[in-house]
Amino acid sequence: MMFFKAHFPLFTFTEKSPLKDSSTSQFSLSPSLSHLPKLSPMAIITEEEEETKTLVPPGSKESITKNPKPQSENPFPFWFYFTIIFSLATLLFVSISLYSSQNDPRSWFLSLPPALRQHYSDGRTIKVQVNPDELPIEVFVAESGLAQSENVIIVHGLGLSSYAFREIIQSLGSKGIHGVAIDLPGNGFSDKSMVVVGGDREIGFVGRVKEVYGLIQEKGVFWAFDHMVETGDLPYEEIIKLQNSKRRSLKAIELGSEETAKVLSQVIDTLGLFPVHLVLHDSALGLASNWVSENPQSVRSITLLDSSINPSLPLWVLHIPVIREVLLGFSFAFKMLVSLRCSKDMTLSQIEAHRILLKGRNGREAVLGSLKKLNHSFDIAQWGNSDAVNGIPMQVIWSKQVSDVWSEEGERVSKALRKAKFVTHSGSRWPQESKSSELTGYITDFVSAFPISFKRVSEEPIPEKVQKILDEAKAGGDHDHAHTGYTDAYGLGEGWTT
C-alpha cells in the first residue's frame, strides 16, 4: 500500500490509496492548530513505499544474504607467493653458481683478493706422491732469501696456511736466512681434494642425473629397451657396473702424521733444503712429529710456536650445519670466532683471507678430515725425550697474553722439554702477523747461534745436447762461454758450498 503525504505549513494532508496511481488522490484536511485561519495550500508531495520489514540481526547469515556487498579481489596473496617463489628460485640459482665457481680453480682464483693472488704468484707448486695408488698432489710453497743460506721451514697448523707467515719469511730473507713456508695438503693453495675414478661413492642426485645422461649419450636411448626385449631382463647390474667404472668424484684430502711425513720429505728433498731448522706452529706439532722422529739427521733445530695437539681455531663447529655456513659465509661471524679464540690483533682483511682459503675448493671438508686423524693422545714429554729427538736443539716461543690457562700450558711444555730454550712473546696464539718482527728476532737469534751448515752439491748427469755444445766450445777455445752459459745452470762439477 502506498502513502502520499503533502506538507503544508502548519497543515498535513494524508491520502490512503491501494494503487500507485496518484492522479485520483483525495486529500482530507486535518487541522494541526484549530485556532489558526485557513491558508492557501503549498503542497510538497513525497511518495513512500510501504514495506513490511523484519528485524534481522546485523551479523546473521540472512542479513549477509539479503544485503550482499560487492567484494573486490585482494592482490596481496598473489604477489606474496610470487615474491617467495621468485626469491627461492634466485637463491637456488645463486647457490649453485657459487658452488660451481668455488670448485672451479680458475673462477676461484680470479675471485681472490689482490693480496692472496700476489702471494700465490710469489710462490711455487711441487708435486708429491702420498699414496702409490693415487694421483700426485700439488703442494704450494712460499720462500724468500738465498737457498745457500740456513734453511728455515715453517709448518702451519690446521685452519691456517703459508699466507699467515709471509711477513716472517720475508723478514728472514732480509736477514740472510732462507725462509720457506708450505701449505700442507688440504690447506691454503695446495690441493684440497683428489679425483677418484670408480667405486660406489655417494655422488648425490645431480651426479646421478649426469651419469644417466652420459650413459644415454654413449649407449643410445633404446639400449636398455633392446636388451630387455632380447633377454627379458633389465640390464640393471650392467648399468651399475658401467657407472661405477666411469664414475669420477672428488674426495677431500685427509692428512695425518704419516701423510705429513711423506709430504715434508718430498718437499725438502725437491728443494734441497737438508738440513733444516723446523718451525712448528699450533697443531703442526702433532702432524710433523713422526717425520722428526724418523729423520733426526735432517733437522738442525726445532722451534715450537704456541704448539698444541688441538688447534686454537675450534674447527669442530664447522661440523654443525647452519653454523658452519654462517661462519664461513660471513666475514663478521668468522672475525668474531678468530678474535675470541685465536687473535684479537688481526685486521679484518687478514681474517678475511684465512676465511676465503678455508672455505674455497672443499677446504672445510679437508681440514675436518685432517682433524679426525690427529693423534690426540700425543705425549710431548715422551716424544721430546726419545732417543731420536733428545739430541735436537729446541726453542719454545709461547704467548704470555692469552690466559692463565695457556700460560700454565706453556710451563708444562717447558718442563716436558727441559733442554729447550723457553721465551715468551706479547702476541696471541696466532701471533705470526701482528708480532712478525718479534718472532723473526727470536728465530734469527736461535738459528744464528749454530755453526754454518755445509751442503754438498751432488753431481748431476749432463744432457746430451748440452754436452755436445760444451765439447764444441772446448774445441773452439771458448771456455768462458761454456762455463757461464751451462755449467752453473745445471750444477756441473762437484764441490762444497755454504
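Rule-based calculations on the coordinates, nothing more; no lab input. Please read these numbers as outputs of a predicted model, since none were measured by experiment. A quick note on method: Cβ atoms are made from the backbone with ideal geometry, for glycine too, and the neighbour counts reach across all protein chains shown.
With viscosity set to 1.002 mPa s at 20 °C, what whole-number translational diffusion coefficient in µm²/s follows for segment 115-154 from Stokes-Einstein and a Kirkwood radius over Cα pairs? Answer from the Stokes-Einstein relation: 175 µm²/s. For a paramagnetic label modelled on Phe109 (point 7 Å from Cα along Cα→Cβ), amide N atoms under 12 Å away belong, within segment 120-149, to 120-125.
Cross-link pairs exceeding 20 Å between alpha carbons, from the set Lys373/Lys435; Lys262/Lys359; Lys251/Lys372; Lys251/Lys359: Lys373/Lys435; Lys262/Lys359. Charged side chains reduced to their Cβ positions (Lys and Arg at +1, Asp and Glu at -1) give segment 329-378 a dipole of some 140 debye around its Cα centre.
Looking at segment 105-171, which GluC sites (Glu not before Pro) are in a loop (DSSP not H, G, I, E or B) and have at most 13 other Cβ atoms within 10 Å?
On the way: sites: Glu134, Glu138, Glu143, Glu150, Glu167; in loops: Glu134, Glu150.
Filter output for segment 105-171: Glu134.
Look at the Cα gyration tensor of segment 294-450: its axes a ≥ b ≥ c give a/c of at least 1.5 with a/b over b/c, and that counts as prolate.
Segment 150-198 has equivalent-ellipsoid semi-axes of 28, 10, 7 Å, by the square roots of 5 times the alpha carbon gyration tensor eigenvalues, sorted largest first.
Please say if segment 373-429 is rounded, prolate or oblate, where rounded means a/c under 1.5 for a ≥ b ≥ c the square roots of the C-alpha gyration tensor eigenvalues, and otherwise the choice is prolate for a/b larger than b/c and oblate otherwise? Provide the component values of the computation, followed by the final result.
On the way: a/c = 2.32, a/b = 1.45, b/c = 1.59.
Taking the square roots of the gyration eigenvalues as a ≥ b ≥ c, segment 373-429 is oblate.
Once the Cα-Cα distance is subtracted from the 0.36 nm per residue extended length, the Glu134 to Met336 segment shows a gain of 68.9 nm. Between the alpha-carbon centres of segment 347-372 and segment 150-170 there is a gap of 16 Å.
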